[in-house]
Amino acid sequence: MGNAKESSAKEGTAAGKSAKPDKFTFEDMRLKVGDRLQIQPPSRLSQERFFVKVIGYLHNVSLLVTAPMTPHGLRLQLIEGEKLVARIFSSQNAFGFACTIDKICKLPFDYLHLSFPSEVQGSQVRKAPRVKTKIIATVTTVAGESVPAVITNLSANGAMLDARRNLAEKGESIKLAFRINLHDIDAYLSVTAVVRALFADGAMDNGVTFVHHGLEFVNLQTNDSVILQSLIYQHMIEHPDTMI
């Protein structure tokens, strides 16, 4: 019994340290043309992170990406030989690698030749990562009533829905319709969800009380599932502070 307890304790300790980055190969990232990378430039330029797109690579030679641009549409003033850190979420992993700017090209458009990653680090994110959101939704209740609500956090498997009143009881199903923007393209989703949790906040400063509905999506269409997963990963890479 004592050994079993010690073993469990060790496993718990190991689980607590599972966030430590592991080493991966370039192929593990499954990079494709058009994939978005988050780039961290030298601190002399900015503390912000910028987004670029993969336009190609030659294995063990070079990785080609579009040049990072400022929010005002200006090219970031990088210098050949400077080091960058790149990050991407792919499948269930968050990857990162250091690279060097080998060449800055301006014709026929602005792009960079980056050194081919010699070491890729990564860590597994949970199966259903959840992000904070503020998405307006229309809920259709069991009684067929349409009610406005707000999705305050979202995963590929479910959501937290806030409304000014109780929209359903635990175990009941509701229909949820909402619009999202994925890579600058609007997508409209209509999904069925089961209420798994229900609780209310105290009155806010304006006197309004919100009821929180913990939802689990059911019978998701394949296309809707793909859109939700893509949206979650887009949020994770563009707004890492929204991860829950």
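The values are calculated or read from the model by the stated rules, or taken from the named source; none is laboratory data. Everything numeric here is computed off the predicted structure, so don't read it as measured data. So basically every Cβ, Gly included, is an ideal-geometry build from the backbone, and we count neighbours across all protein chains shown.
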- Does Ile101 satisfy the criteria of being modelled with pLDDT of 95 or more, in contact with an Asp or Glu (Cβ under 8 Å, 6 or more places away or on another chain) and closer than 19 Å to Phe26 by Cβ? yes
- Query: Do we find a residue being in contact with a strand residue (DSSP E or B) (Cβ under 9 Å, 6 or more places away or on another chain), more than 30 Å from Ile55 (Cβ to Cβ) and of a type outside the set (D, E, K, R) anywhere in region 123-130?
  - Reply: yes
- Item | Residue in region 51-92 that is farthest from Gly34 (Cα to Cα), counting only those that are touching a residue at least 60 places away in the same chain (Cβ under 8 Å) and surrounded by fewer than 18 Cβ atoms within 10 Å (Cβ to Cβ) | Ser91
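Given the options Glu48, Glu80, name the one that is in contact with an Asp or Glu (Cβ under 9 Å, 6 or more places away or on another chain), assigned to a loop (DSSP other than H, G, I, E, B) and not small (Gly, Ala, Ser). Give the steps one after another, and end with the answer.
Details: Glu48 fails: in contact with an Asp or Glu (Cβ under 9 Å, 6 or more places away or on another chain).
Matching residue, one of Glu48, Glu80: Glu80.
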- Condition test on Val33, is it surrounded by 11 or more Cβ atoms within 10 Å (Cβ to Cβ) and either of a type outside the set (Gly, Ala, Ser) or assigned to a strand (DSSP E or B) (or both)? no
- Query: Which one of Ala163, Ala149 is over 18 Å from the mean Cα position of the chain (by Cα), crowded, with 17+ Cβ neighbours inside 10 Å and at pLDDT 95 or above?
  - Reply: Ala149
- Message: I'd like to verify a number: residues in region 124-146 that are more than 14 Å from the chain's Cα centre (by Cα), among the small types (Gly, Ala, Ser) and surrounded by fewer than 17 Cβ atoms within 10 Å (Cβ to Cβ), how many?
- Response: 3
- Query: Take the residues of region 182-206 that are surrounded by fewer than 10 Cβ atoms within 10 Å (Cβ to Cβ) and charged (D, E, K, R): which is modelled with the highest pLDDT?
  - Reply: Asp186
- Task: State whether the residues of region 169-182 include one that is within 16 Å of the chain's Cα centre (by Cα), touching a residue at least 12 places away in the same chain (Cβ under 8 Å) and not assigned by TED's automatic domain parsing to the domain that holds Met236.
- Result: no
- Give me the pairs: first residue in region 229-243 and closer than 16 Å to Ile39 by Cβ, second residue buried (at least 18 other Cβ atoms within 10 Å of the Cβ) and of a type in the set (Val, Ile, Thr), beta-carbon distance under 8 Å, and six or more apart or on different chains, which are they? Met236/Val131; Ile237/Ile88; His239/Val131
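Sort out for me the strands (runs of 3 or more DSSP E) sitting completely within region 140-244 that have 1 or more residues that are of a type in the set (Val, Ile, Thr).
146-154, 173-182, 185-200, 211-218
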- Listed by first then second residue, the pairs whose first member lies in region 20-48 and is over 17 Å from Met236 (Cα atoms) and assigned by TED's automatic domain parsing to the domain that holds Asn60, whose partner is part of a loop (DSSP other than H, G, I, E, B) and at pLDDT 90 or above, with beta carbons under 6 Å and at least 6 positions apart or on separate chains, are Phe26/Pro117; Pro42/Glu82
